[in-house]
Each structure stands twice: as C-alpha cells, then as structure tokens.
Amino acid sequence: MKKYFKLGLSAIVPFALVGILGGWLYKTFNNLMLVVLPDSWGWQWWYVLIFIIAVFTLLFLLGFIIGAILSRFKFIKWIKKQFDKLMDKVPVVGKIYGFGLEIADTLIADGKLDGEIKVVAFDWNEWIVCYGLLTNGELNFITSATTPNPTNGFLFQIEREHYWEVEMTVEEYLKTITSMGKLAKKRWLKKIKGELK
C-alpha cells in the first residue's frame, strides 16, 4: 500500500509544482501589468498572457543586443568589468550586486553546460569508477559531485589519458547524482573512444 501511495504522490507532485509556479507567475505578472495598464482599457484575463509574452520577448531582445555589443566591443566589456569592481567596493550594495551577478552568471552558464562542460569518468582504483564534470579541458579539471546532494564534491586535476567521456548530458548526470544512481543507464558504462571534441 505504501508503494502505491508513493507512486501516486510521484505522479501528482510534478503537476502540482508546475501549477503552483504557473499560478504564482500569473499573479505576479498580473500585478505588474496593472501598474502599466491604463484604467480605460479595463481588465481581461488574456491581457496577462500577452504581457508575459511581451516581457520575455523584450528580455530576449535585450540579451541579444547586450551579447552582440559585448562580443564586438572589447572596450565596453572592460568598462563593465571596472563597474563591477567599483560596485563590489560599495558597502552593502556591493554584496547585493555581487549576489545578483552570481545569479546572472548561473542563468547564462545554464545554456552552455552541455556545450562546454562534458561528463567524464575515471578510474579511482581498479574496482571503482568515478564520474564527474570536465569543467576545464585545458587544465584537465574535473569536478565530482557527492550524492544525493550535488552542491558538495571534489575537484580533481587528472591527466588526459586517465579519463574518458561518458555518453551522458549534464542534466542526466545531475539527475543520476540526486537519485543516488537509480536513474543510471547501461550505455553510460561504455567508454567513448577518441579525443574529446
């Protein structure tokens, strides 16, 4: 009976979380929209959906423009770096600004994980194989997370010939860590021959 209860719970929880998050987003954007919406327009439920699409479109365009500017003009990138250093020296504000930068860097890195960071494995000894993320291919730095909490782990520097790429995405690696190996697949046990691309 306990097993079926857990299965039922596991089926409902993802939908419940999506519903809660969706409701929170709708309410938040509705409140923001009411600030900018003229009173003469009245209120319709679908106004919020249009407002959400408009906000995300503006964020995308802003990101595209900033990315294009930073990639073409090194001077602007230098100015931004100096501004970040200056903000870091301001009491209280510097801490808040730094925290915001960390969040922004995390969001930016999220889209690049599967392109720049690869899942690899190496022999701990003749009986144990250790899995980790190749975070710096030039210096051969591999971060191996602990389970079930992947926020802790170890940083290894291993010679190239002693580790190999695993046919696993970063997302699959993290899911495997947090599930304590329950979501692992047999294909990940195979070594991939050849150099890392």
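The values are calculated or read from the model by the stated rules, or taken from the named source; none is laboratory data. Just so you know, these numbers come straight off a predicted model, no measurement behind them. Here the Cβ positions follow ideal geometry from the backbone for every residue, glycine too, while neighbour counts run over all protein chains shown. These area figures cover heavy atoms from the full protein model, side chains too; ligands, DNA and RNA do not enter into them. Shrake-Rupley method; radii C 1.70, N 1.55, O 1.52, S 1.80 Å.
For Lys118, what residues show an amide H to amide H distance below 5 Å, using hydrogens built from the backbone and excluding near sequence neighbours?
When sequence neighbours closer than 5 places are left aside, the close amide H contacts are Leu134.
Mean shadow of the chain, computed from the convex hull of its alpha carbons, in nm²?
About 18.6 nm², averaged over all directions.
By how many nm would the segment from Tyr47 to Phe141 lengthen if fully extended, with 0.36 nm per residue of separation less the alpha-carbon distance? Walk me through the intermediate numbers first.
Details: separation 94, 0.36 × 94 = 33.84 nm, distance 4.91 nm.
Length gained, Tyr47 through Phe141: 28.9 nm.
May I ask you to give the percent of accessible area on the chain that is carbon plus sulfur, with a probe radius of 1.4 Å?
After summing per-atom areas, the C and S share lands at 69 percent.
Counting other Cβ atoms within 10 Å, keep those with at most 12, restrict to DSSP loop, and tell me which trypsin sites (Lys or Arg not before Pro) in the stretch 117-188 are left.
Here the sparse-neighbourhood loop sites are Lys182, Lys185.
Just want the answer: with Cβ charges of +1 for Lys and Arg and -1 for Asp and Glu, which residue in Val18, Phe64, Tyr4 is farthest toward the dipole's positive end in the chain?
The listed residue farthest towards the positive side: Tyr4.
Longest segment of the chain with no GluC sites (Glu not before Pro) in a DSSP loop having at most 11 other Cβ atoms within 10 Å?
My reading of the result: 1-125 is the longest stretch.
Report ³J(HN,Hα) in whole Hz for each residue of the stretch 118-133, in order, from the Karplus equation J = 6.51 cos²θ - 1.76 cosθ + 1.60 where θ = phi - 60°; Gly and Pro get x.
10, 8, 10, 9, 8, 7, 6, 7, 6, 10, 10, 10, 10, 10, x, 10
If R₀ is 30 angstrom, what is the calculated FRET efficiency for the pair Ala54 and Lys185, using the beta carbon separation as r and rounding to 0.05?
Once the sixth-power term is evaluated, E becomes 0.15.
Would you work out the charge dipole size for the chain about its Cα centre, treating the Cβ of every Lys and Arg as +1 and the Cβ of every Asp and Glu as -1, and quote it to the nearest 20 debye?
Charge dipole of the chain: 300 debye, to the nearest 20.
Can you tell me the relative contact order of the chain? Whole percent, Cα pairs under 8 Å, sequence separation 6 or more.
With pairs under 8 Å counted, the relative contact order is 11 percent.
Once you put a point 7 Å from the Cα of Leu25 and another 7 Å from the Cα of Leu86, both along the Cβ direction, what distance in nm separates them?
3.6 nm
Residue by residue, what Karplus-based ³J(HN,Hα) values in Hz, rounded to whole numbers, does the stretch 30-41 have, using 6.51, -1.76 and 1.60 with θ = phi - 60° and x for Gly and Pro?
5, 5, 5, 5, 4, 6, 9, 7, x, 4, 5, 7
For the stretch 48-107, with only Lys/Arg (+1) and Asp/Glu (-1) charged at the beta-carbon, what is the dipole magnitude about the Cα centre, in debye rounded to 20?
Result for the stretch 48-107 is approximately 320 debye, rounded to the nearest 20.
Taking a probe of 1.4 Å, how large is the accessible area per residue of the chain, in Å²? Mind dumping the intermediate values first?
Details: 15930 Å² over 197 residues.
Per residue, the chain has an accessible area of 81 Å².
With the cut-off at 30 Å, tell me which of the pairs Lys74/Lys95; Lys27/Lys182; Lys95/Lys118; Lys81/Lys175 have Cα atoms farther apart than that. Each step should come with its number before you reach the end.
Details: Lys74/Lys95 26 Å; Lys27/Lys182 37 Å; Lys95/Lys118 32 Å; Lys81/Lys175 35 Å.
Going by Cα-Cα distance, Lys27/Lys182; Lys95/Lys118; Lys81/Lys175 fall outside the 30 Å limit.
Report the gain in length on full extension from Ile158 to Leu7: 0.36 nm times residue separation, minus Cα-Cα distance, nm rounded to one decimal.
Result: 50.2 nm gained on full extension.
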